[in-house]
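One structure below.
The values are calculated or read from the model by the stated rules, or taken from the named source; none is laboratory data. None of the values given here were measured: they were computed from a predicted structure. Reconstructed Cβ throughout: ideal geometry from the backbone, glycine too, with neighbour counts over all protein chains shown. These accessible areas exclude ligands, DNA and RNA; they are computed on the full protein's heavy atoms, side chains included. Shrake-Rupley method; radii C 1.70, N 1.55, O 1.52, S 1.80 Å.
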Amino acid sequence: MLDLLRVAAVGGVILYHYGFWGPAAHGVPQVAMPFLAPIAQYGFLGVPVFFAISGFVIAYSAEGRTPVGFAIARFSRIYPTFLMCMTLTFVMTLLLGGAHFDVTWRQWLANLGIAAPMLGQHYMDDAYWSLVIEVVFYIWVAAFLALGIFPRRIDTLIVAWLAITFANELTIDAPIFEKLFIADDSGFFAVGLLIYEHYRGRRDTRLYGLLALATGTATFQAVHKLERLGVHIHASFDPRVVAAICIASLGIVFLATRIKSLPLPAALVTAAGGITYPLYLLHLQLGYVILLAVKPDQPPVLWTLSVVTGMVVLAWFVWRFFESSAHRSTREMLTRLAARSGFRVSTKAQRTA
């Protein structure tokens, strides 16, 4: 069921980018289907829903692993596909970007480290900002695994995390705290972590209280973002709609973990979930490069739908013929290297998440 939620989340993000706010081409926003704006403008909430799902999945992935094993699992899962999609976006932008987009080899080199702005370069695709947040989350989890307090002290960690979030958001609102402690999205990750505690069988009052607190924090963070988001894109949002979408989405994530099976072909569900990561990486800049190359004026709906469909097909090819094998070979290589260096990667049976 979480695979289908990923599809819905990435669908919301695509709707946002093609129906409300496309990438800036030399400072000029390119929006493919502006008539969808009243609905599409709320599609940005697909990203924090990903964060909630990530909290659940990372808690699952960390169980039974050492910090080294966890780092290997995460790196092998996200980096090979990122490298493939980032390079493909670079090459196609180099060839077809024309007057709308330009890229450089220096930018490509900086993006090898994902957090390109730290090296003074733009992201190869504006959507990559969320990967940096994910990596920061992974680093914290690995650090707490090394200290032996994750997930054993999960309640204390979440309370401290949310307290830091509110202290920053309601006072100095310092960018360094936002980045270091993921203070703009901590509530969503916390909800995912707590949902995993419930999934494992925990049913105490403290858990439900923390889940309510984390959900409230996530909703507050989404609404709190609107002021900056509105200034950036010169638009207005209804905070009541944002709050309703957040609460409903997090509730659906919770319910999804209680559903054991769906009346759908397992292969279809697996493929749908599998393409979401490469589709997220490819859809924005690469999609617009192609869209504006074939139709440089305001793109009609047919062209837009064709390009989005093409991005889905391309994401399927990346998932089907590259991602699984690259993930497996990278994980095996790093696991052998860790073993030769004397590092344990697992405390019990190895997982693949």
Subject >> Breaking point among (1) of a type in the set (Gly, Ala, Ser); (2) surrounded by fewer than 23 Cβ atoms within 10 Å (Cβ to Cβ); (3) more than 24 Å from Val269 (Cα to Cα), for Ala32 >> reply: (2)
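So in the stretch 1-19, with the set limited to residues that are under 14 Å from the mean Cα position of the chain (by Cα) and open to solvent by less than 40 Å² (accessible area, probe 1.4 Å), which one is nearest to Ala267 (Cα to Cα)? Step through it out loud before you land on a result.
To start, the set of residues in the stretch 1-19 that are under 14 Å from the mean Cα position of the chain (by Cα) comprises 2-3, 5-14.
When the remaining residues are screened for being open to solvent by less than 40 Å² (accessible area, probe 1.4 Å), the result is 2, 5, 9-14.
Working: Leu2: 14, Leu5: 16, Ala9: 20, Val10: 19, Gly11: 20, Gly12: 23, Val13: 24, Ile14: 24 Å.
Only one residue tops the list, namely Leu2.
For the stretch 233-254, which residues satisfy the criterion of being closer than 25 Å to Ala214 by Cβ, open to solvent by 70 Å² or more (accessible area, probe 1.4 Å), without any contact (Cβ under 8 Å) to a residue 60 or more places away in the chain and not charged (D, E, K, R)? Please lay out each step first, then the result.
First pass over the stretch 233-254, keeping only residues closer than 25 Å to Ala214 by Cβ: 237-254.
So of that shortlist, the ones also open to solvent by 70 Å² or more (accessible area, probe 1.4 Å) come out as 240, 247, 252.
With without any contact (Cβ under 8 Å) to a residue 60 or more places away in the chain added as a condition, the list becomes 240, 247.
Hit for the stretch 233-254 is Ile247, nothing else.
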Original post:
Out of (1) part of a helix (DSSP H, G or I); (2) within 20 Å of the chain's Cα centre (by Cα); (3) free of Cβ contacts under 8 Å to residues at least 40 places away in the same chain, the odd one out for Ala183 is which?
Top reply: (1)
Subject >> Test set (1) open to solvent by 10 Å² or more (accessible area, probe 1.4 Å); (2) not in a helix (DSSP H, G or I) - Gly22 fails condition number >> reply: (1)
Original post:
Do any residues in the stretch 143-154 that are within 17 Å of Ser346 (Cβ to Cβ) have Cβ atoms under 7 Å from those of residues that are assigned to a helix (DSSP H, G or I) and open to solvent by 40 Å² or more (accessible area, probe 1.4 Å), where the two are at least six apart or on different chains, and which pairs are they?
Top reply: Leu145/Pro67; Ala146/Pro67; Phe150/Phe144
Original post:
What pairs come up if the first residue lies in the stretch 302-317 and is farther than 13 Å from Ile14 by Cα, the second is charged (D, E, K, R), and their beta carbons are under 7 Å apart, counting only those six or more places apart or on different chains?
Top reply: Trp303/Lys295
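Can we say Thr219 is surrounded by 16 or more Cβ atoms within 10 Å (Cβ to Cβ) and touching a Cys at 6+ places or on another chain (Cβ under 7 Å)? Outline the logic, then answer.
Values: surrounded by 16 or more Cβ atoms within 10 Å (Cβ to Cβ): yes; touching a Cys at 6+ places or on another chain (Cβ under 7 Å): yes.
Here the answer is yes, as Thr219 does meet what is asked.
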Subject >> Residue pairs meeting the criteria (Cβ under 7 Å; at least 6 apart or on separate chains; first within 16 Å of Tyr280 (Cα to Cα), in the stretch 13-26; second in a strand (DSSP E or B)) >> reply: Trp21/Pro29; Gly22/Pro29
Original post:
Quick one: would you say Phe177 is in contact with a Gly (Cβ under 9 Å, 6 or more places away or on another chain) and either in contact (Cβ under 8 Å) with a residue 40 or more places away in the chain or open to solvent by 40 Å² or more (accessible area, probe 1.4 Å) (or both)?
Top reply: no
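How many residues are free of Cβ contacts under 8 Å to residues at least 12 places away in the same chain and part of a helix (DSSP H, G or I) when one looks only at the stretch 110-139?
Narrowing the stretch 110-139 to residues free of Cβ contacts under 8 Å to residues at least 12 places away in the same chain: 110, 113, 117-120, 129, 139.
Then keep just the ones that are part of a helix (DSSP H, G or I); that gives 110, 117-119, 129, 139.
Residues meeting the conditions: 6.
Can you tell me which of Ser341, Ser346 is more than 23 Å from Tyr280 (Cβ to Cβ), among the polar types (S, T, N, Q), modelled with pLDDT under 95 and open to solvent by less than 50 Å² (accessible area, probe 1.4 Å)?
After applying the criteria, what remains is Ser346.
Which ones in the stretch 305-327 are aromatic (Phe, Trp, Tyr) and surrounded by 14 or more Cβ atoms within 10 Å (Cβ to Cβ)? Outline the logic, then answer.
Of the residues in the stretch 305-327, the ones aromatic (Phe, Trp, Tyr) are 316-317, 319, 321-322.
Correct list: Trp316, Trp319, Phe322.
Matching residues to (1) without any contact (Cβ under 8 Å) to a residue 24 or more places away in the chain; (2) under 15 Å from Leu279 (Cα atoms); (3) within 18 Å of the chain's Cα centre (by Cα):
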{"site": "Val57", "(1), (2), (3)": "no, no, yes"}
{"site": "Gly64", "(1), (2), (3)": "no, no, no"}
{"site": "Pro67", "(1), (2), (3)": "no, no, no"}
{"site": "Ile72", "(1), (2), (3)": "no, no, no"}
{"site": "Pro80", "(1), (2), (3)": "no, yes, yes"}
{"site": "Leu83", "(1), (2), (3)": "no, yes, yes"}
{"site": "Met86", "(1), (2), (3)": "no, yes, yes"}
Original post:
If only one of Ile172, Ile149, Ile164, Ile158 is outside any helix (DSSP H, G or I) and closer than 18 Å to Gln221 by Cβ, which one is it?
Top reply: Ile172
Original post:
Among the residues of the stretch 56-64, is any outside any helix (DSSP H, G or I) and over 22 Å from Ala315 (Cβ atoms)?
Top reply: yes
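Filter the stretch 266-304 down to residues that are in a loop (DSSP other than H, G, I, E, B) and open to solvent by 80 Å² or more (accessible area, probe 1.4 Å) and give me whichever is modelled with the highest pLDDT.
So the first thing to find is which residues in the stretch 266-304 are in a loop (DSSP other than H, G, I, E, B), and the list is 275, 283-284, 295-300.
Checking the rest, the ones that are also open to solvent by 80 Å² or more (accessible area, probe 1.4 Å) come to 297-298.
On the way: Asp297: 64, Gln298: 61.
The residue in question is Asp297.
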